[in-house]
Every structure is written in C-alpha cells, then in structure tokens.
2 protein chains.
Amino acid sequence: MAAWTHDTLVAGVRAGDRRALARAITLIENADPLAYEIVRELYPETGRSYVVGMTGPPGVGKSSLLSALIRHVRGEGASAGVISVDPSSPFTRGALLGDRIRLADHFLDPAVFIRSMGTRGHLGGLAEATLQAALVLDAAGKDIVFIETVGTGQSEIGIVTIADTVVLVLMPGSGDSIQALKAGIMEIPDVIAVNKCDHPAAKTMVNEVSSILALDPDRSWRPPILLTEAVRGEGIAELWEKVGEHQQHLEESGLLAGRRAEHLAGEVFAVASARAKTHLERTVAGNEELARLLEAVQRRELDPLTAVREIMEKVFHIYGDPNGTDTR
Amino acid sequence: MAAWTHDTLVAGVRAGDRRALARAITLIENADPLAYEIVRELYPETGRSYVVGMTGPPGVGKSSLLSALIRHVRGEGASAGVISVDPSSPFTRGALLGDRIRLADHFLDPAVFIRSMGTRGHLGGLAEATLQAALVLDAAGKDIVFIETVGTGQSEIGIVTIADTVVLVLMPGSGDSIQALKAGIMEIPDVIAVNKCDHPAAKTMVNEVSSILALDPDRSWRPPILLTEAVRGEGIAELWEKVGEHQQHLEESGLLAGRRAEHLAGEVFAVASARAKTHLERTVAGNEELARLLEAVQRRELDPLTAVREIMEKVFHIYGDPNGTDTR
C-alpha cells in the first residue's frame, strides 16, 4: 500500500474511507504532527455529528448496550462512529477483548467505524486523543459519534464531557453507582439506562435513582430513566428515543450551541493543562537543579510548597505568592 | 481572644493546642500566606506520624470504621489526627452531617483532632490543602494521622496517596468496587476491610476480592482482606493489626523511606500541576486575546490544538510542536 500523505488522508477521511480513518486515528494516538495538520484542516467541517457519551461502571453491559444502539441507529439509516476508551491495566485485557467481541457484529458494516483507545500511550493525553478522534469521525460524516468510557469518577466522566448527550448505564444491585450519584461525585447524566432489567432489584433501582434526581428539581431537563436488556434488545428503541428527545430539548431551548461552546473551551483547557503537566514532569526529570529541590523535600529540609514555588518560577516563569493568595 | 501571630501559632501547633490546629488548618484552607510560613517552619519536624489513608465508595460505613479505629488506637495510648475529605455537592450535606455524628464520640478527647475538608473552596487545590493539613497534624505530634476520602476513582484515591498505608473499605453487594478493582481503575490498596460482615454476601465478596488480588502475585506485600462490623466493633483490632503488619513490612524491607520520598515528589508535582491549571484559567479569563482564541474555536474557525499551542506560548512561554512529538 502506498504511504498516506496529508492530501490522501484528508480526502480519505472526508470520503469516510475506513483505512484512512484508522490511519488518522493511529497518527493521533502517536501524536504525529501529520495528525495535527489533518484535524486542523478538517476542523471547519466538523460539528455535524451528534455526539453521544456512554459511561458507567465496568460490568454493567455498556458494550452490549452500545452494540444494540448501533444496530438501532443503523436500522434508522444513520451512520455511526465509535470511540471506546478503556482503562489501561494488565488486568483488563480479557474483559476488554470480551467487549470488543460484543461490538464485532458491526465490524463488516461500512457505515460503522469502531476504534478502541487505551488510557496510556497517548503522548498528548487521552482527553486530547479522544477529542481529535471524535473530530475525525465527525469530519468523515458519521451521523452519530459514540464515545464510550468505563467508570463513574470525575476523571472517567471527563472523557465524555465533549458529548452532546451523556447516557449513564447502571445495573441493578450496583449500589456504588447509586451512592456516587447521590454524593454528587458523579455528574448528573442526561439519560439513565438501568440495564439487565430482568434482575429482581431493577425496579428498586429505578426508584432509587428517581428519588436522587428528585433532589435536584431545578434542571430544565429531567433525566429519564429507562429499563433495558441489551442482549435481547429490549428498551433500545425507547432509550434512543429519549436521547433524541434530549437532543430536541437542547436544540429547541437553544442550549446546544452553548453546551458545545462550553465543552470546546473545557477541552482546550484540559489539553493545555495536560501539556503543562507533561512539560513540568519532563523538565524536572532532565534538570539537576530541580531534582535536587525534590531531594531536599524528601530529606525534610525544604518544605513542599517552597519547592513548588521554585518549580513554578523555573519551569513556567510564574512568580507570585506560593499559596496563590495573590491571584484570589 | 487575642489574634494569632506566626509565633503563637507555631508554638500552639507544636504543643498540640486544638485551637491553634483549627486555626492553622483554616488558614491552609484559605491559602493564607501565614499558613505557608507556618508549615515551612514546622516541616523539618514532620515525618514522625504514621499516615493511614482510608478510602472506599460512599455508604460502606467508612466513618463508623474510622471512629472504631480511633477508639482502638486511643486504647493503645496513641494520639490521632483525622482529615476527612468530603466530596462537595449540595446533595451530600445530610450524609456528611451523619458522618460527622459518627465521629462525634471523639470530639471531647484532647488527644484526637478531627477536621473535615470539602473539595471546593481550596484556592491552592485539595491535594495541597490535605498535604499541608497532614503536615500540621504531624508537627503537632499526632502518632497516627488518618486521611479519609470518599470514592474509588483515580482522583479520590489521589488524595490518600500521601498515606503510608491505604485501607480500602468495601461493603458486601457493592459490585462496582469489585469491578473497578478488577478493571484496574482502582489502585490496589494495602489492606482491605469488608465492612458490614453480617451481610449474607460478605464471604462471597472476600472470595471475589481475593481472586482479583491473586491476579497480581508479584507484589512483595499481599493485601490482607478483613471482615469488620464497625458499629459493633468487630474485626477492628484485627484490622489495626494488619495496618501494623504493613507498617512493619515497609520498615523492615526499607520501603517506607522510598515510598514517602515518592509520595512527596508526587505531591509536589500534583500541587505544581494544579497551580499551572489555575494560572492558565485565570490568565485566559482576564485576557481578551486568549478569550478571542476560544471564541474562534467555538465558531469552528480555529482548531482546538492550534488554540492550545497559542495558549501554551502566551501563558507558559512553552514553545514547540503542538502535539508534543518534539518532546518524545
């Protein structure tokens, strides 16, 4: 195969060519300068896909539900791109392979493009890679872009913040999620699916989630709670209908543009912060003077915040009061 | 009451005076320059406390367990400082009040100092405030410093990383935690307590956790799993014995010093990163040129990574390839 060039890649992505998409996303993962050039060129053409985030704890059946949703939207004639973000641990490989198998039904469908991304090995950070990959799928003309991620902490939720609609998938009996939702650790999603609805505790869970949502009555959108059974395809049409209603709500209330603008600004901040952090770690690692500072902290000779102040000056040229009161 | 001065606060903290401790931690929370001066002066005297982190999902009975552990260590004649880090949500106030009530038994004990910290309102970031508060309690001569936090995501675990021993508290039937542990989302703790051990699923949970730990046989320390019932005080002595065994393991293997050095370096990085992020947000907020950049991104005229590159140059004076390959 001839090597891809900037022009053939851009044309290939625009045409929705699978190999071009695969190559572009690999370049994004490798933080290749070519990836940056391609996304820069394609960016003005983006914003047409509807982006749906799916999140929830491991083991609740997110991949099965995603597979069923893809089948559903394909039945409606829509094309789909999927970015599936996996936590990176040697422990997970088996489970992840299982997840990929659940999505394999769609591998031969030319209107569906599925890509997994691990949480490590992204030089520019995972938020950055996910954003860029989503933009590529958007530019490729996918009607729906799904971003799937595992976990219910702030960091996992952070990955789906670029979504227009966020679906939280729960399973009856998984009490931690309920507690996390209640404690406000988990951001309130737009649509909630209680999967494996045959479980005897399914209705109890719906009631619990419902009572948590009732604590926050001021929202203009009250997140609906759906019962689904992904493997048998139950509740999938209803779930997708609710996603559509949320989209309609955002569009009719004029909130969609504002939400997207806010998400893009948030992503720019997140990527810049991640870069600053990487820059910091690399600078300290390669700098003897800064390494000596850390050693002095470890010997309890220099307090941590004084070390931070010196690092901020030397690495970022930021001067000021060490505890930040000057910027209050 | 006369106003605290630098000298009276330092002396008060050294003497373990409760009002001095309370005042010092309030100053830390307010990022007051005086707090920085005090910790800087006291820092060489720190490193004597043994720091125990307690984490786990909401609702598993962490506060009851912590209360029982405090009672236990007090029975052994040790003094204790407690920093209880709460997620900040209007939804949680009731639950948090309940948590505080569970710790109220110890409020009149002069050898116990308990302080709650919310996740918002810390100008310097929560990791920074937690570290500084722990150092103050250390300097005050507390034998044991407990740091309690809610949640099982990376960000919640991050708060307890300064601990010498991390105890994960689980509850039978809370399947999400098991899944998160399995998926490697949750770092492996040093000691695991399965609380509410009367629950019919308690033994099943011990087996499940045990089989997950068996997947990682290479660790020099195999985390023990304890059954506890905090309200009735069952398993508390055994849990504390395991914390002691972990401490002994770290000391005898020579790992304790390395672990503390690593944690301190990690904290310095975390605080510096948090400051860089705050500096970024404040600079962009007050800068018309940078605000215009964000607007161009939102209008799809300028791609996010080009905006990031310009921000890195203008805010941090960091130049280089926008996607970071130059620093590979």
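When Cβ neighbours within 10 Å are restricted to other protein chains, what is their mean count per residue of peptide B:292-304? Present the calculation step by step, with values, prior to reporting the outcome.
Numbers: counts 0, 2, 5, 3, 0, 6, 10, 4, 7, 2, 4, 12, 15.
Averaged over the peptide's residues, the number is 5.
Using Cβ contacts closer than 10 Å as the measure, can you line up A:Lys314, A:Lys196, A:Lys277 from fewest to most? Numbers along the way, then the final one.
Numbers: A:Lys314 15, A:Lys196 23, A:Lys277 18.
The most exposed by this proxy come first: A:Lys314, A:Lys277, A:Lys196.
Seen from all sides and averaged, what is the projected area of the convex hull of the Cα atoms in segment B:213-328, in nm²? Present the calculation step by step, with values, prior to reporting the outcome.
Details: hull surface 54.0 nm².
The directionally averaged projection comes out at 13.5 nm².
Provide the FRET efficiency to the nearest 0.05 for the B:Arg74-B:Glu252 pair, computing r from the beta carbons and using R0 = 35 Å. Please list the in-between numbers first.
Values: r = 26 Å, r/R0 = 0.75.
Once rounded, the FRET efficiency stands at 0.85.
Compute the signed sum of charges (Lys and Arg +1, Asp and Glu -1) over the other residues within less than 10 Å, Cβ to Cβ, of A:Gly12.
Working: positive: A:Arg14, A:Arg18, A:Arg19, A:Arg23; negative: A:Asp7, A:Asp17.
Spelling it out: positives minus negatives among the neighbours equals +2.
Residue by residue through segment A:225-237, what is 3J(HN,Hα) from phi via Karplus (6.51 cos²θ - 1.76 cosθ + 1.60, θ = phi - 60°)? Round to whole Hz and write x for glycine and proline.
With the stated coefficients, segment A:225-237 comes to 10, 10, 9, 10, 9, 4, 5, 8, x, 7, x, 5, 4 Hz.
Sequence-distant or interchain residues sharing an amide H contact under 5 Å with B:Ser116, placed H: which?
B:Ser84
Counting only other chains, and only Cβ atoms inside 10 Å, what mean value do you get across the residues of B:188-200? Can you show the working numbers first?
Working: counts 1, 0, 0, 0, 0, 0, 0, 0, 0, 0, 0, 0, 0.
Mean partner shielding for this stretch: 0.
Can you give the mean number of other chain Cβ atoms that lie within 10 Å of the Cβ atoms in peptide A:306-317?
5
Could the peptides A:74-81, B:136-143, A:282-289, B:106-113 be put in order, highest first, of the mean number of other beta-carbon atoms found within 10 Å of their residues? Mind showing how you got there, number by number?
Working: A:74-81: 17.1, B:136-143: 23.2, A:282-289: 12.2, B:106-113: 15.4.
Highest-to-lowest ranking by the protection proxy: B:136-143, A:74-81, B:106-113, A:282-289.
Of the cross-linked pairs A:Lys62/A:Lys142; A:Lys203/A:Lys242; A:Lys203/B:Lys203; A:Lys196/A:Lys242; A:Lys196/B:Lys242; A:Lys142/B:Lys314, which ones have a Cα-Cα span greater than 28 Å in the structure shown?
On the way: A:Lys62/A:Lys142 21 Å; A:Lys203/A:Lys242 19 Å; A:Lys203/B:Lys203 26 Å; A:Lys196/A:Lys242 18 Å; A:Lys196/B:Lys242 38 Å; A:Lys142/B:Lys314 35 Å.
A:Lys196/B:Lys242; A:Lys142/B:Lys314, as the Cα separations exceed 28 Å there.
Non-local amide H neighbours of B:Val60 (under 5 Å, H modeled in plane, Pro and chain starts lacking H): which ones?
none
Around B:Leu227, which amide H atoms from residues at least 5 apart in sequence, or from another chain, sit under 5 Å from its own amide H, with H modelled in the peptide plane?
Those qualifying (amide H under 5 Å, at least 5 residues apart or on another chain) are B:Val194.
Kindly give the distances from B:Asp218 to its copy-mates, label point to label point, with each label point 7 Å from Cα along Cα→Cβ, as nm values to one decimal ordered shortest first.
5.1
What nm value, rounded to one decimal, do you get for the distance between B:Glu245 and A:Arg48 when each label is placed 7 Å out toward the C-beta?
Inter-label distance under the simple model: 6.3 nm.
Between B:Ala15 and A:Asn207, how many nm apart are label points set 7 Å from Cα along the C-beta direction?
Placing both labels 7 Å beyond Cα along the Cβ direction yields 5.7 nm.
Can you list the copy-to-copy distances for B:Gly233, using a point 7 angstrom from Cα toward Cβ, in nanometres, shortest first?
Once sorted, the set of distances for B:Gly233 reads 6.1 nm.
Measuring label to label, 7 Å along Cα→Cβ, what does B:Thr5 give against each other copy in nm, shortest first?
The answer, with the shortest distance listed first, is 7.7 nm.
Which order do peptides A:265-276, A:16-27 fall in by mean Cβ count within 10 Å, highest first? Each step should come with its number before you reach the end.
On the way: A:265-276: 22.4, A:16-27: 18.8.
Listed from highest to lowest mean packing, they are A:265-276, A:16-27.
Only the coordinates and a few stated rules stand behind these numbers; no lab work does. Source: prediction; values computed, not measured. Every residue, glycine among them, receives a Cβ derived from its backbone with ideal geometry; neighbour counts consider all protein chains shown.
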